[in-house]
1. Quote the charge dipole size of region 124-248 about the Cα centre in Debye, to the nearest 20; the model charges only the Cβ of Lys and Arg (+1) and of Asp and Glu (-1).
2. Can you tell me the dipole magnitude for the chain around its Cα centre, using point charges on the Cβ only (Lys, Arg +1; Asp, Glu -1), in Debye to the nearest 20?
3. With springs only between Cα atoms under 10 Å, which of LEU62, LEU215, LEU265 fluctuates most in a Gaussian network model of the chain?
4. Show me the trypsin sites (Lys or Arg not before Pro) within region 164-219 that DSSP assigns to loop and that have at most 14 other Cβ atoms within 10 Å of their Cβ.
5. Where the convex hull is taken over the Cα atoms of region 295-345, what is its projected area averaged over directions, in nm²?
6. Could you point to the residue in ASN152, THR245, LEU208 farthest towards the positive end of region 135-250's charge dipole, with +1 and -1 charges on the Cβ of Lys/Arg and Asp/Glu respectively?
7. At R0 = 45 Å, how high is the FRET efficiency between LYS110 and LEU277 if r is their beta carbon distance? Nearest 0.05 is fine.
8. Amide H neighbours of PHE201 under 5 Å, at least 5 residues apart or on other chains, H built in the peptide plane: list them.
Amino acid sequence: MMKFSIVSLNWNGKRYLGELLDRHMKSLLNINYDNFEIIFVDNGSTDGSADYIKTRYHDARLKVIRLRRNFGYAKGNNLGAMFAGKDSDVLIFVNTDTILHKDCLKELAKVFADPKVGIAQPLLLDLDTGMIQYMGGYADYYGRTMTIGSSNNKYINNVLWQLIRHFKFRPLHILWAYGACIAVRKTLFDQIGGFNELFKFSLEEQTLCIPITGLGFDVVLVPKSVVYHKGSATIKYLKLSTEHTYNRFLFIMLYYPLRGAPKALIGRFLLELNNSLRLHDPITFFRVLIKILTKLKLIVYCRKKSPKLLPSPFLTKSSIFLTKNHYVSLTIDKLLEVNRIALNG
């Protein structure tokens, strides 16, 4: 039987999540599957989260790991993965603001029985509304990582459910899986060196999915595997505007094909400049540009070291400035296009 190692990364969950942290832990311990372990990784919390979990939950499947400070999503999860058992087949990285359906691992195990699948994402439903929250995503020619989701819009939610039924609840091909709950073969995770630690607090899941896609493996959404997600329950307490903007430029510079990178960088420059002016915060924008210049040598080195680039079939043609409706239609069109090709191919 395939073994799963669930890495649950926590930062001040006792303080910021309250009862939800307990609901999360109970959902992990009540999963209807016989071969898994839980690695609770405390990312430098100051609220006693690690002691609380260690004292409250006594289970042979649970390990509590304490990190000395908040290393962010990428490094925190990479460190947590080091404590997975040697017999582990699949790593699952999950946020503490999630509740896993009891059968979610059974459905993931069925998908990973296909050796072509490298990464899988359960269907993420909004914890409060039950509507489709995230189905992974693609990217466009201007450096946007385009998320497939309903944004709690009933009409879009119904359209997405119709698409899932249209494909008969089969796994759907996507470019990247959403990081709130992402499952990856441990051998592939180790091969690429895990999440790219240059990225902090955003776009980390893309740095895992794109190299694995480049190795010839599939990234899929698994509609029959369900996870409920609160969303931004702890990260909202961090001030990360500079990190987010920097990561968007970094993503293009490291993972876009050489032919498409200049266009993507120009588009991203215009988008971020427009955003900074709209928010009356041009200082952040210029800080990011200075940071890019100071780290340019490192960025060039890292791009040469990891040449697995974003595959062009997953890139979406779009306008530089998009309305919300246009954005949604583009993601749905790409979902249909990629999966029809996959079925016919």
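1. Values: 13 positive and 9 negative charges, 69 e Å.
Magnitude of the dipole: close to 340 debye.
2. Values: 47 positive and 27 negative charges, 154 e Å.
It comes to approximately 740 debye.
3. LEU215
4. Details: sites: ARG165, LYS168, ARG185, LYS186, LYS200; in loops: LYS168, LYS200.
Those satisfying the criteria are LYS168.
5. On the way: hull surface 22.1 nm².
For region 295-345, the mean projected area of the Cα convex hull comes to 5.5 nm².
6. ASN152
7. On the way: r = 49 Å, r/R0 = 1.09.
FRET efficiency, LYS110 to LEU277: 0.35.
8. Amide H neighbours of PHE201: TYR73, ALA74.
A short reminder: the numbers here are calculations on the coordinates, not readings from a lab. It should be emphasised that the depicted structure is a prediction, and the values quoted were computed from it without experimental measurement. Cβ atoms come from the backbone with ideal geometry, glycine included; neighbour counts cover every protein chain shown.
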